[in-house]
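Everything below concerns the one structure shown next.
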Amino acid sequence: MFSAVLRSCLSGLIIGLTAVVFSISFTAIIYTGDLAPFLSRGIGLTLAGAAVMAVVGAFTLSYRGTIVQPQDVTALILSLAAASIAGSWRDAASDELFATVAVLVAVASAATGAATLIFGRLRLGHIVRFIPYPVLGGFLAATGYLLVTGAIGMALRNNVSIWSANVLFAPGNPEKWGPWIVAAALFYIAVKRIQHGLVLPTCFVVAVLCFYGALWLLGIDVATAQTYGLLLGPFEEANLYSSLDPGLLVQARWDVVATQLPSVLTVIGMATIGSLLNVSGLELATGQDIDPNRELRGVGIANLAAAMVGGMVGYHLVSQNLFAKALKITGRAAGISVTLITLAVLFLGTTYLSVLPIGVFAAVIAFLGIDLLVTWLWVERRRLPFRDFLVVVLILAVAATIGFLQAIATGIIAASLLFIFAYSQVDVVRLKTTGARKRSGVERGQRDLEVLAERGDRLAIYELSGYLFFGTAHRLISEISEDLVAQSKEFLLLNFRRVQGVDASAAFALGRLAQHCAANGVTLIFCGLSNRLSETLDRAGMSAKSSPPLFFEHIDDALQFVEDKLLQPYTRQDRAEP
């Protein structure tokens with residue numbers, strides 16, 4: 001009994017401390033560069049939000065062992081928005097700047113909570129299936145790149161991008177970030193080679209010990225290390241919870257917060273997608289059925305609660321959930337353990353946190369980035385078609401050179417163009433034949449049949465299927481026009497019975513076909529139109545044309561009409577003669 005309790009306590013301690021490491025690392029991404037002086041206050045808000053989020057998630061999500069915590073993807077997007085605000089701020093050290101960034105984070109959490117709660121109530125949990133896979137992959141690859149550069153910026157206490165790469169090799173800088181990127185690569189190798197939940201916490205501890213061992217060998221004391229900016233501290237506040245100040249709402253520049261609406265919307269989208277993807281992964285790993293709509297509602301409530309204390313956006317932390325499961329911490333105990341440890345660090349951990357090397361947290365962030373880059377630039381490239389992989393690379397390139405939001409927009413446009421091109425190659429003509437081969441159900445005499453066999457080729461029949469849009473419609477109209485000119489047809493019959501829809505461009509293209517038929521003396525016939533398709537063509541002005549098509553409900557009626565027209569020039573006496 002005692003050993004079981006002791007094991008549970010130790011397991012809960014490990015899970016809680018690992019969650020704290022992630023929370024602090026994600027906070028350090030946001031509060032870097034000009035915002036670095038506010039890191040301790042940012043950590044206080046994030047830890048408070050993480051504690052609330054974990055306990056709320058434990059009681060609201062369908063899988064009781066779920067741990068909800070701040071996430072790297074949303075933290076990265078917020079870091080870009082925060083850097084944009086700080087870059088245009090006149091007094092970088094003002095409390096007003098910190099209040100504005102803190103309120104931005106809280107607003108993003110509140111907006112995400114409200115949105116995911118609404119999505120869950122509307123049962124929109126299947127929305128993730130509509131995201132193109134290459135776009136998602138490109139987004140994650142770009143996230144990996146920005147996490148790595150963000151980790152380097154953390155170690156240098158300065159923002160780093162591809163356009164400021166020269167700062168990496170400035171005197172004294174390589175030794176600040178180089179060892180931690182190597183450590184991140186070793187973290188990645190160890191985690192991939194040794195499939196165990198204790199590997200990453202062990203790597204963290206070993207990295208701290210190696211750091212202080214190196215300081216001892218070099219004869220550098222803690223005060224000097226703090227002077228060089230190698231440690232997380234020193235913190236100005238005596239405690240982290242002092243940052244929980246409602247007065248921040250008054251100090252903040254709400255007009256500046258409003259300018260970051262695109263970033264907030266991106267956070268909402270990424271949090272929703274990330275939550276649903278993590279739910280799918282958790283469902284697969286645990287073998288339990290998980291209701292995605294209930295998970296969205298739970299994530300929404302957790303983020304709304306975290307926003308009240310200035311917490312960061314979060315959702316399911318799959319690695320921690322699986323880690324807890326491996327340590328046999330099930331039910332609400334996992335979330336409660338994270339809450340208790342997080343609160344302990346929030347109220348008691350200032351002294352201990354200040355002496356931790358900031359590079360270790362940078363290594364954790366870089367490890368996450370390396371994992372994403374390797375996955376999407378190496379592992380997934382073998383599974384993706386070449387053009388889809390190019391979309392992934394394109395998004396990554398745009399994110400690195402222009403901007404993150406622009407990269408997402410570029411990826412969506414590129415994926416849409418690829419889809420349009422691919423779908424336009426699909427032949428919408430299910431069957432192409434003539435009146436000589438396809439007849440109506442009317443019983444006719446032998447001589448009539450012989451005449452129809454002889455003259456039936458004057459009727460061209462196209463049975464269509466699928467969806468007609470500007471890509472497929474152009475190809476179809478071009479093909480029909482060429483056939484009409486080459487084969488001297490008198491009648492053209494289009495059967496729409498298997499057509500699911502027609503967009504405006506296709507409707508106007510069909511209008512041009514009607515004009516072409518009228519100019520060449522060809523009778524155009526439409527049949528099998530649904531009410532919806534008829535309304536679309538009417539809105540395009542099909543019925544108002546000088547020579548509109550003939551409309552029949554069934555193809556058999558249309559065939560009978562054409563056959564009668566083909567037989568009409570022949571008298572009874574003509575048909576009787578051999």
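Would you say Thr410 is closer than 19 Å to Val20 by Cα and open to solvent by 30 Å² or more (accessible area, probe 1.4 Å)?
On the way: closer than 19 Å to Val20 by Cα: no; open to solvent by 30 Å² or more (accessible area, probe 1.4 Å): yes.
Criteria not met by Thr410.
Quick one: which residue in Val379, Val391 is open to solvent by less than 30 Å² (accessible area, probe 1.4 Å) and more than 30 Å from Leu566 (Cα to Cα)? Break it down into steps so the answer makes sense when it comes.
On the way: Val379 fails: open to solvent by less than 30 Å² (accessible area, probe 1.4 Å).
The conditions single out Val391.
It is to be established whether one or more residues within region 123-146 are within 15 Å of the chain's Cα centre (by Cα), hydroxyl-bearing (Ser, Thr, Tyr), surrounded by fewer than 22 Cβ atoms within 10 Å (Cβ to Cβ) and not in a loop (DSSP other than H, G, I, E, B).
yes
Any residue in region 237-257 that is at pLDDT 85 or above, surrounded by 15 or more Cβ atoms within 10 Å (Cβ to Cβ), among the β-branched types (Val, Ile, Thr) and closer than 21 Å to Tyr31 by Cα?
yes
Only one of (1) farther than 25 Å from Ala36 by Cβ; (2) open to solvent by 60 Å² or more (accessible area, probe 1.4 Å); (3) of a type outside the set (A, V, I, L, M); (4) without any contact (Cβ under 8 Å) to a residue 40 or more places away in the chain is not met by His196, so which one is it?
If we test His196 against (1) farther than 25 Å from Ala36 by Cβ; (2) open to solvent by 60 Å² or more (accessible area, probe 1.4 Å); (3) of a type outside the set (A, V, I, L, M); (4) without any contact (Cβ under 8 Å) to a residue 40 or more places away in the chain, just (4) comes out false.
For region 218-231, check the following and say yes or no: at least one residue is assigned to a helix (DSSP H, G or I), open to solvent by less than 30 Å² (accessible area, probe 1.4 Å) and not hydroxyl-bearing (Ser, Thr, Tyr).
As a first pass, look at region 218-231 and keep what is assigned to a helix (DSSP H, G or I): 218, 222-227.
Cutting the leftovers down to open to solvent by less than 30 Å² (accessible area, probe 1.4 Å) gives us 225.
Those left that are additionally not hydroxyl-bearing (Ser, Thr, Tyr): 225.
Yes - at least one qualifying residue is present in region 218-231.
Does region 548-570 hold any residues that are modelled with pLDDT under 75 and either open to solvent by less than 70 Å² (accessible area, probe 1.4 Å) or hydrophobic (A, V, I, L, M, F, W, C) (or both), and which are they? Outline the logic, then answer.
Here is the first cut: in region 548-570, the residues modelled with pLDDT under 75 are 569-570.
Listed by number, the list holds a single entry, Tyr570.
Please work out if Leu186 is under 19 Å from Val20 (Cα atoms), among the hydrophobic types (A, V, I, L, M, F, W, C) and open to solvent by 40 Å² or more (accessible area, probe 1.4 Å). Before you say what the answer is, go through the steps one by one.
Working: under 19 Å from Val20 (Cα atoms): no; among the hydrophobic types (A, V, I, L, M, F, W, C): yes; open to solvent by 40 Å² or more (accessible area, probe 1.4 Å): yes.
No, not satisfied.
Would it be correct to say that Leu394 is of a type in the set (A, V, I, L, M, F, W, C), within 25 Å of Tyr133 (Cα to Cα), at pLDDT below 85 and in a helix (DSSP H, G or I)?
Numbers: of a type in the set (A, V, I, L, M, F, W, C): yes; within 25 Å of Tyr133 (Cα to Cα): yes; at pLDDT below 85: no; in a helix (DSSP H, G or I): yes.
Considered against the rule, which asks whether it is of a type in the set (A, V, I, L, M, F, W, C), within 25 Å of Tyr133 (Cα to Cα), at pLDDT below 85 and in a helix (DSSP H, G or I), Leu394 comes out as no.
Of everything in region 504-528, what is outside any strand (DSSP E or B), crowded, with 17+ Cβ neighbours inside 10 Å and touching a Ser or Thr at 6+ places or on another chain (Cβ under 9 Å)? Give them in sequence order.
Answer for region 504-528, where residues must be outside any strand (DSSP E or B), crowded, with 17+ Cβ neighbours inside 10 Å and touching a Ser or Thr at 6+ places or on another chain (Cβ under 9 Å): Ala506, Ala507, Leu513, Ala514, His516, Cys517.
For residues in region 129-158 being of a type in the set (Ser, Thr, Tyr) and touching a Leu at 6+ places or on another chain (Cβ under 7 Å), which is modelled with the highest pLDDT? Steps first, answer last, please.
Let us first name the residues in region 129-158 that are of a type in the set (Ser, Thr, Tyr), namely 133, 143, 145, 149.
Then keep just the ones that are touching a Leu at 6+ places or on another chain (Cβ under 7 Å); that gives 143, 145.
On the way: Thr143: 81, Tyr145: 90.
By that ranking, first place goes to Tyr145.
Go through region 376-427 and report how many residues are within 15 Å of the chain's Cα centre (by Cα), more than 30 Å from Leu476 (Cα to Cα) and not β-branched (Val, Ile, Thr).
Counting residues in region 376-427 that are within 15 Å of the chain's Cα centre (by Cα), more than 30 Å from Leu476 (Cα to Cα) and not β-branched (Val, Ile, Thr) gives 8.
If you take the residues of region 428-454 that are of a type in the set (D, E, K, R) and under 30 Å from Ala473 (Cα atoms), which of them is least open to solvent (accessible area, probe 1.4 Å)? Steps first, answer last, please.
First, the residues of region 428-454 that are of a type in the set (D, E, K, R): 430, 432, 437-439, 443-444, 447-448, 450, 454.
Subsequent filtering for residues that are under 30 Å from Ala473 (Cα atoms) retains 430, 432, 437-439.
Working: Arg430: 129, Lys432: 107, Arg437: 178, Lys438: 60, Arg439: 81 Å².
Residue satisfying both the conditions and the ranking: Lys438.
Considering each residue of region 318-335, count those that are at pLDDT 75 or above and not in a helix (DSSP H, G or I), and give that number.
If we filter region 318-335 for residues that are at pLDDT 75 or above, which is where we start, we get 332-335.
In the following step, the residues that additionally are not in a helix (DSSP H, G or I) were identified as 332.
Here the count works out to 1.
Looking at (1) free of Cβ contacts under 8 Å to residues at least 40 places away in the same chain; (2) in a helix (DSSP H, G or I), find the lone condition where Val264 falls short.
(1)
How many residues are open to solvent by 30 Å² or more (accessible area, probe 1.4 Å), under 27 Å from Leu348 (Cα atoms) and in a loop (DSSP other than H, G, I, E, B) when one looks only at region 48-102?
Result for region 48-102: 1.
Take the residues in region 159-183 that are part of a loop (DSSP other than H, G, I, E, B) and open to solvent by 70 Å² or more (accessible area, probe 1.4 Å), then tell me which one is modelled with the highest pLDDT.
If we filter region 159-183 for residues that are part of a loop (DSSP other than H, G, I, E, B), which is where we start, we get 159-161, 170-173.
The next check asks that each one be open to solvent by 70 Å² or more (accessible area, probe 1.4 Å); those that pass are 159, 171.
Working: Asn159: 77, Pro171: 88.
Per the stated criteria, the residue is Pro171.
The values are calculated or read from the model by the stated rules, or taken from the named source; none is laboratory data. What you see is a predicted model, and the numbers here were worked out from it, not measured in a lab. No Cβ is skipped: glycine too gets one built from the backbone with ideal geometry, and neighbour counts run over all protein chains shown. For the accessible areas, the whole protein counts, side chains as well, though only heavy atoms, and no ligand, DNA or RNA atoms are used. Shrake-Rupley method; radii C 1.70, N 1.55, O 1.52, S 1.80 Å.
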